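The values are calculated or read from the model by the stated rules, or taken from the named source; none is laboratory data. Computed from a predicted structure; not experimentally measured. Backbone-built Cβ (ideal geometry, glycine too); neighbour counts: all protein chains shown. Note: areas computed on protein heavy atoms with side chains; ligands, DNA, RNA excluded. Shrake-Rupley method; radii C 1.70, N 1.55, O 1.52, S 1.80 Å.
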Amino acid sequence: MRPPLPAPSSAPPSRRAPLTLRAPLLLRATLAVLLAAVAAGCGGSSGDGGGPVRIGLIVSLTGNYAPLGSEDKKAVDLAVEQVNAAGGLLGRTVEIVFRDDRTQPDQAVLAFNAIKNRDLAAVIGPVFSNSALAVEPIAQRERIPYQSLAPATEQVEPIKSYVFVTPALSAMYAERYLQYLQSQRIGRIALAHDSKSGYAVAGYKATLRLASRYGVRVVRDEPYETTTTDFSPMFTRIRGSGAQALLFWGTGAPGVIVTKQYAASGLRIPLMLTGSQASKLWLDPVGGAAEGLTVQSAIGVVGDHLPAGPQKQVIDRLAVPFRQKYGYPPPQFAQDGYSAAMLVFEAIRRAGSTDGEKIQKAMERMDLLTPNGRFRYSPTDHSGLSPAYISVNTVRNGQFVPTDWARTELAETVSPG
């Protein structure tokens, strides 16, 4: 456990640990000067003294994932505004220590190393799975509670004691789609995935592993790279494969490109996209090409379609002020950021401390309702969610609307008892 930094010199004397020295007056005066100098050089502290509770945030504000990371940051900032307006945590204000990882794993590592000695209670981020996978070993080694915004399954399989995941895992998205395919009696699919994306690879592998359990067979396997700009050869190969649907695993630009090209391809089977496309960041650039497509999302994205109750209430706690402030509903990534902040805040409250080990223990006992659904972390489960909190939607008039199947499933998930 990291020793706390000395309290800042501006803290009230009553909040400092008393210094008792049985020494000559000169020695006492010398030590007092030295302690004051050290305190002045250290700035504020988020230890269990009187300074702010500091939480690190590492997301992409530049690079390919800037549109995603910016939504995470907006939601985390909103959560901090709300908690500070309600009195903060442990009677102290919450302060975010932010760094941009530029959508690059090496920059995410540099960002983490730059803030890890700021006496952080926890760290949230990054959103890019490859960056998250690069950061998690350092968080584990430093014993800093780490709330990841990326859904790659290997972050928590096997368990790392200080690493927790906020979005539903890629494997959960895969299983939810397979449940939907089974309900629609679709037994043969084509499967495309970005071979360079940790998120897409994890989802692809989970789909292959679980498919037979739901009576689904992959009849065409189509890997591609993040830089792919022409998917027409893929569509041609799929056309003759006998596939009844195309499940596409990818993030960022490929999701936009494949959607536009699919609309002009003449392929007559459903295109099914995952939670990475569940935002206006995908809807706006693809425009009318999105109409009628199938897209997964966290439950919070379709909160307007849920029955009244606790789940809808907690979603609205984010959705109403977010829409007022930014003029659009919170997308998938904002749901993740806000939920991550809620989980970290609650762990600090339950721990009654900003000590990393105490927060980690509190997180492993967490049972909390968030916009992403109900989290039940444990020492053997650091993802906390189940596929039941994932919605399978269709795009209608530029909005995500739960399919009839998803509407029934979600109503059952959020019903009391």
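For this structure, a couple of remarks:
- Each listed q (0.11, 0.12, 0.23 Å⁻¹) maps to a log10 I(q)/I(0) for the stretch 308-417 from the Debye sum over equal C-alpha point scatterers, namely -0.41, -0.49, -1.34.
- Cubic angstrom per residue, convex hull over Cα atoms of the stretch 270-310: 85
- Set of aspartates and glutamates near Lys358 by C-alpha distance (under 20 Å), chain-local residues within fewer than 8 positions excluded: Asp48, Glu95, Asp119, Glu136, Glu142, Glu346, Asp367, Asp381
- In degrees, nearest ten, helix 66-85 long axis to first principal axis of the chain (Cα): 50
- Based on Cα atoms of the chain, Rg over Rh with Rh as the Kirkwood radius reads 1.04.
- Diffusion constant of the stretch 168-248 at 10 °C, which comes from Stokes-Einstein with the Kirkwood Cα-pair radius and 1.306 mPa s, µm²/s: 124
- Accessible surface of the stretch 130-273, 1.4 Å probe, proportion on carbon and sulfur as whole %: 50
- Taken one residue at a time, the phi angles of the stretch 274-281 give Karplus couplings (6.51, -1.76, 1.60, θ = phi - 60°) of 9, x, 5, 9, 7, 6, 5, 5 Hz. Gly and Pro are set to x.
- Segment Ile138-Arg213, length gained on full extension (0.36 nm per residue, minus Cα span): 23.3 nm
- Listed by chain and number, the lysines whose C-alpha is less than 19 Å from the C-alpha of Lys205, apart from same-chain residues fewer than 8 away, are Lys196.
- Our coupling estimate for the stretch 227-241, obtained by passing each phi through the Karplus curve with A = 6.51, B = -1.76, C = 1.60 and θ = phi - 60°, is 7, 4, 10, 10, 9, 4, x, 5, 4, 4, 5, 5, 4, x, 8 Hz, Gly and Pro reported as x.
- Across the stretch 204-218, rounded Karplus estimates of 3J(HN,Hα) from the backbone phi angles (6.51 cos²θ - 1.76 cosθ + 1.60, θ = phi - 60°) give 4, 5, 5, 4, 4, 5, 9, 3, 5, 4, 10, x, 10, 10, 8 Hz, Gly and Pro being marked x.
- The solvent-accessible area of Asp230, taken with every protein chain present and a 1.4 Å probe, is close to 80 Å².
- For the chain, the residue among Met366, Ala114, Leu210 whose Cα projects farthest onto the positive side of the dipole built from Cβ charges is Met366.
- Subtracting the Cα-Cα distance of Arg350 and Asp381 from 0.36 nm times their residue separation leaves 9.3 nm of extension gain.
- Residues whose placed amide H lies under 5 Å from that of Glu95, excluding near-sequence neighbours: Val53, Arg54, Ile55
- Computed over the Cα atoms of the stretch 46-93, the ratio of the radius of gyration to the Kirkwood radius (Rg/Rh) comes to 1.10.
- Computed from Cα atoms alone, the Kirkwood hydrodynamic radius reported for the stretch 243-356 is 16.2 Å.
- The stretch 197-304: C-alpha pair distances exceeding 16 Å, %: 60
- Sparsely packed loop sites in the stretch 278-382 (the GluC sites (Glu not before Pro) outside DSSP H, G, I, E and B with at most 13 other Cβ atoms within 10 Å) comprise Glu291.
- Residues of the chain: accessible area per residue with a 1.4 Å probe, Å²: 41
- Just the protein heavy atoms count here, and of the accessible area of the stretch 282-417 at 1.4 Å, carbon and sulfur take up 48 percent.
- Result for the chain in a Gaussian network model with C-alpha springs under 10 Å: among Gly56, Gly88, Gly327, the largest mean-square fluctuation is at Gly327.
- In the chain, helical runs assigned H by DSSP with n ≥ 4 each contribute -39500 (n - 2.57); averaged across all residues and rounded to the nearest 500, the mean residue ellipticity at 222 nm is -13500 deg cm²/dmol.
- Here's the list of lysines a cross-link from Lys73 could span, going by alpha-carbon distance under 21 Å and ignoring same-chain residues fewer than 8 apart: Lys116, Lys280, Lys325.
- When each of the peptides 179-186, 292-299, 167-174, 214-221 is scored by the mean number of other C-beta atoms lying within 10 Å of its residues, the order from highest to lowest reads 167-174, 292-299, 179-186, 214-221.
- Under 5 Å between amide hydrogens, built in the peptide plane, is the criterion, and for Arg188 it picks out Arg217, Gln244 among residues at least 5 positions away or on other chains.
- Across all Cα atoms of the stretch 113-227, the radius of gyration (one decimal) and Dmax (whole number) stand at 16.6, 54 Å.
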